[in-house]
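These notes concern the structure reproduced below.
The values are calculated or read from the model by the stated rules, or taken from the named source; none is laboratory data. Note that the structure is a prediction, hence the values are computed from the model and not measured. As a convention, Cβ positions derive from the backbone with ideal geometry for all residues, glycine included, and neighbour counts pool all protein chains shown.
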Ligand code: OGA
Ligand code: MN
């Protein structure tokens, strides 16, 4: 069935429940995505991004051999209108996931991520070993006119726990949303040849 006729939130839930991951083009309108991209670029030009770290808590470190993106966390006090609207859409997705998959997701944390030419993120899982809090990863790409020659594809291994076998390649095109079970699916960002921007985040469960 055509995605035009289907609620994008339900396509996300269907993909997660049937195969553990989903890729939904045109999750948001072009106008909404361009507004988000403009907010991200303005923040970048203001110097609001920081080198991304790996690890957690006291063990967070910059490891440029593993990842070379820069991030800016979404904070309630500096939320733009477009960011607020995107978070409302994610709230629909969160409720739809809980209704269908009973994951008990209660919140979302996320950041803009910017890859400069040459930047990558080596294969990894998003769920930290010491904690169980990040359950579902959600990424919205914000790159207008992205072409295969620009690199920066997401490579997502489709078998839970496996980083050798079958994988899919996702082009980080404006409006495409990818979601997957954060602890199950190995993934990497291939080297970008152009500036590549996204909003990446996680639906969480309460720890403890
Ligand atoms: C991440 C990540 C993938 C992407 O930020 O953890 O894996 O396609 N991002 O941006
Ligand atoms: Mn990741």
Within the stretch 22-53, the residues that are more than 18 Å from the chain's Cα centre (by Cα) and in a loop (DSSP other than H, G, I, E, B) are 46, 47, 48
Scanning the stretch 188-207 for residues that are within 10 Å of ligand 1 (Cβ to nearest atom), in contact with a helix residue (DSSP H, G or I) (Cβ under 8 Å, 6 or more places away or on another chain) and farther than 22 Å from residue 12 by Cβ gives 192
| Taking residue 117, is it exposed (fewer than 15 other Cβ atoms within 10 Å of the Cβ) and within 13 Å of residue 185 (Cα to Cα)? | no
Those residues of the stretch 54-86 which are outside any helix (DSSP H, G or I) and modelled with pLDDT under 90 amount to 55, 56
Q.
I'd like to check something: does the stretch 193-208 contain any residue that is touching a residue at least 24 places away in the same chain (Cβ under 8 Å), under 19 Å from residue 101 (Cα atoms), in contact with a strand residue (DSSP E or B) (Cβ under 7 Å, 6 or more places away or on another chain) and surrounded by fewer than 18 Cβ atoms within 10 Å (Cβ to Cβ)?
A. yes
inquiry  = Yes or no: the stretch 142-156 includes at least one residue that is within 16 Å of ligand 1 (Cβ to nearest atom), in contact with a helix residue (DSSP H, G or I) (Cβ under 6 Å, 6 or more places away or on another chain) and farther than 15 Å from residue 203 by Cα.
reply    = yes
Of the candidates 128, 124, the one satisfying the condition of being within 10 Å of ligand 1 (Cβ to nearest atom) and closer than 24 Å to residue 65 by Cα is 124
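Let me confirm something: among 63, 95, which residue is without any contact (Cβ under 8 Å) to a residue 12 or more places away in the chain, more than 15 Å from the chain's Cα centre (by Cα) and within 20 Å of residue 21 (Cβ to Cβ)?
From the options 63, 95, the qualifying one is 95.
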Out of (1) surrounded by fewer than 15 Cβ atoms within 10 Å (Cβ to Cβ); (2) assigned to a loop (DSSP other than H, G, I, E, B); (3) in contact with a helix residue (DSSP H, G or I) (Cβ under 6 Å, 6 or more places away or on another chain), the one residue 105 does not meet is (1)
